[in-house]
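The values are calculated or read from the model by the stated rules, or taken from the named source; none is laboratory data. These figures come from a predicted structure and were not determined experimentally. Here the Cβ positions follow ideal geometry from the backbone for every residue, glycine too, while neighbour counts run over all protein chains shown. The area values use the complete protein model at the heavy-atom level, side chains included, leaving out ligands, DNA and RNA. Shrake-Rupley method; radii C 1.70, N 1.55, O 1.52, S 1.80 Å.
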Protein chains: 2
Amino acid sequence: MKAHGMAGHLIRRLNQVSTHVFSQHMQEAGLDLTPVQFAAMDAIATHPGIDQASVAAHIAYDRATIGGVIDRLEQKGFVARNVSKRDRRAREVRLTDRGQEVLDEILPVVTALQEEILTGLDDAERQTFLRLARKAIGSLPDQTG
Amino acid sequence: MKAHGMAGHLIRRLNQVSTHVFSQHMQEAGLDLTPVQFAAMDAIATHPGIDQASVAAHIAYDRATIGGVIDRLEQKGFVARNVSKRDRRAREVRLTDRGQEVLDEILPVVTALQEEILTGLDDAERQTFLRLARKAIGSLPDQTG
DNA sequence: CGCAAATAGTAAGTATAGCTATTAATTGCT
DNA sequence: AGCAATTAATAGCTATACTTACTATTTGCG
């Protein structure tokens, strides 16, 4: 079990806990949204009419994955997609009224649940952890093509 | 982009960087091993003859996922599986000679690559980060059924 | 012993997550 | 204008990751 204390393993575990806490709270809220779907909706809300590739860039995903995510958001009726007039290759994505409603409802829940992800840490430790995480990511080149 | 600074998002990004660094180095080493496959091999090497459910428990995965992982390790010839004599439901898993060879070869590479995951942090920060990550995980109940 | 409960593994289904390749459209350069 | 390079999206492929359901065993208990 040499792998146990390694950074990669710890980070994977944290991610596992994170997604678990997320879906737990979504379920309690009676909504079936994944972390990625939430992140995508958040990006779309902030940039209405954004194209899929830009959504992917904003939340650091690759284009292929985002396509599927937006497919499912569209099926749920949270997002609408139409061909851009400026560039007929691109799809402009927007939240529907229902999508905006859901996002407004869910944002405070998601904000609150963040603390639970790092339950084992006290406030000061949590701040330190987040500061270091931001620093570690901020100083790295984008990993997504 | 309210989601950007949130713990969940940062952790997802870190995990993304982590797996990216990992596969980069595996590719350079001429091996096609994923982080999970490595973790599984490490657990199996430490507990020869372990059953699949225990492998899953050791690295915090669920049984169904581990089944597929071990399938692929078996296909690569790194792992051998046979029905336990004590419990005919269980499969005893062991590294093959080739599997042990590969693990021996890869362990130092994997150990070395851990630092690269947290490239943006200096030594002290890296230690702090890992300590807090361990604490955050250690104090949480097992998320896997 | 006999049978209900628990357990190991697999199967099927959904959702990431990323890769390469392909198609369609746009841009940049000459 | 003409064409190469680029770009947006999708398709197909592989590998996680977790859920519920199912089969085969084994265990625990009366």
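Neighbours of B:ASP122, meaning other residues whose beta-carbon lies under 13 angstrom from its beta-carbon, give a summed charge of -1 when Lys and Arg score +1 and Asp and Glu score -1.
Estimated from the Cβ-Cβ distance and a Förster radius of 45 angstrom, the FRET efficiency linking A:THR119 and A:ASP87 is about 0.50.
Where does the Debye-calculated log10 I(q)/I(0) of the stretch A:11-76 sit at q = 0.21, 0.25, 0.27 Å⁻¹, using only Cα point scatterers of equal weight, no solvent? Ignoring solvent entirely, the Cα scatterers give -0.92, -1.12, -1.17. Sorted from shortest to longest, the distances between the A:GLU105 label points of this copy and the other copies are 5.5 nm, with each point 7 Å from Cα along the line through the beta carbon. With its label point defined 7 Å out from Cα along the Cα-to-Cβ axis, A:HIS4 lies at 3.9 nm from the matching points of the other copies, in increasing order.
The rotation axis taking chain B to chain A passes closest to the C-beta of one chain B residue; that residue and the distance in whole Å read B:ASN15, 2. Dividing the summed helix terms, -39500 (n - 2.57) for each DSSP H run of n ≥ 4, by the number of residues in chain A produces a 222 nm estimate of -20500 deg cm²/dmol to the nearest 500. Once the other residues with Cβ under 12 Å from the Cβ of A:THR34 are scored (Lys, Arg +1; Asp, Glu -1), what is the net sum? With Lys, Arg at +1 and Asp, Glu at -1, the net is +2. The C-alpha radius of gyration of the stretch A:21-138, expressed as a fraction of 2.2 N^0.38 Å, stands at 1.18.
Contact with the other protein chains removes 30 Å² or more of accessible area, compared with the isolated chain and a 1.4 Å probe, from these residues of the stretch B:118-137: B:GLY120, B:LEU121, B:GLU125, B:PHE129, B:LEU130, B:LEU132, B:ALA133, B:ARG134, B:LYS135, B:ALA136, B:ILE137. Within the listed set B:LEU118, B:LEU103, B:LEU95, the residue fluctuating most in the Gaussian network model of chain B (springs between alpha-carbon atoms under 10 angstrom) is B:LEU118. Put the Cα centre of the stretch B:14-47 next to the Cα centre of the stretch B:103-142 and the gap is 14 Å. Seen from A:ARG98, the other residues with C-beta closer than 13 Å to its C-beta sum to a net charge of -3, counting Lys and Arg as +1 and Asp and Glu as -1.
Computed on chain B, with alpha-carbon pairs under 8 angstrom and 6+ residues apart, the relative contact order is 23 percent.
Split the accessible area of the protein assembly as shown by element, probe 1.4 Å, and carbon with sulfur accounts for 49%. Computed 3J(HN,Hα) for the stretch B:113-120, one whole-Hz value per residue from the Karplus formula 6.51 cos²θ - 1.76 cosθ + 1.60 where θ = phi - 60°, is 6, 4, 5, 5, 4, 10, 3, x, glycine and proline marked x.
Placing a label point 7 Å from Cα along the Cα-to-Cβ direction at A:LYS135 gives distances to the equivalent points in the other copies of 1.6 nm, listed shortest first. Think of a 1.4 Å ball rolled over the protein heavy atoms: the stretch B:19-138 then has 51 Å² of accessible area per residue. Going by a 1.4 Å probe on protein heavy atoms, which residues of the stretch A:14-32 end up with at least 20 Å² less accessible surface in the whole assembly than in their chain alone? Checking the loss per residue gives A:LEU14, A:ASN15, A:GLN16, A:VAL17, A:SER18, A:HIS20. Amide H to amide H, with H built 1.01 Å from N, A:ILE50 comes under 5 Å of A:VAL93, counting only residues 5 or more places away or on other chains. Ordered from largest to smallest accessible area (heavy atoms of protein chains, 1.4 Å probe), the residues A:LYS2, B:LYS135 come out as A:LYS2, B:LYS135.
Scalar couplings 3J(HN,Hα) for the stretch B:58-73, obtained by applying the Karplus form with A = 6.51, B = -1.76, C = 1.60 to θ = phi - 60°, are 4, 10, 6, 10, 8, 4, 5, 5, 4, x, x, 4, 6, 3, 5, 5 Hz; x denotes Gly and Pro. A cut-off of 5 Å between modelled amide H atoms, ignoring neighbours fewer than 5 places along the same chain, links A:THR96 with A:VAL79, A:ALA80.
Accessible surface buried by the B/A pair amounts to about 5200 Å², both sides summed, 1.4 Å probe.
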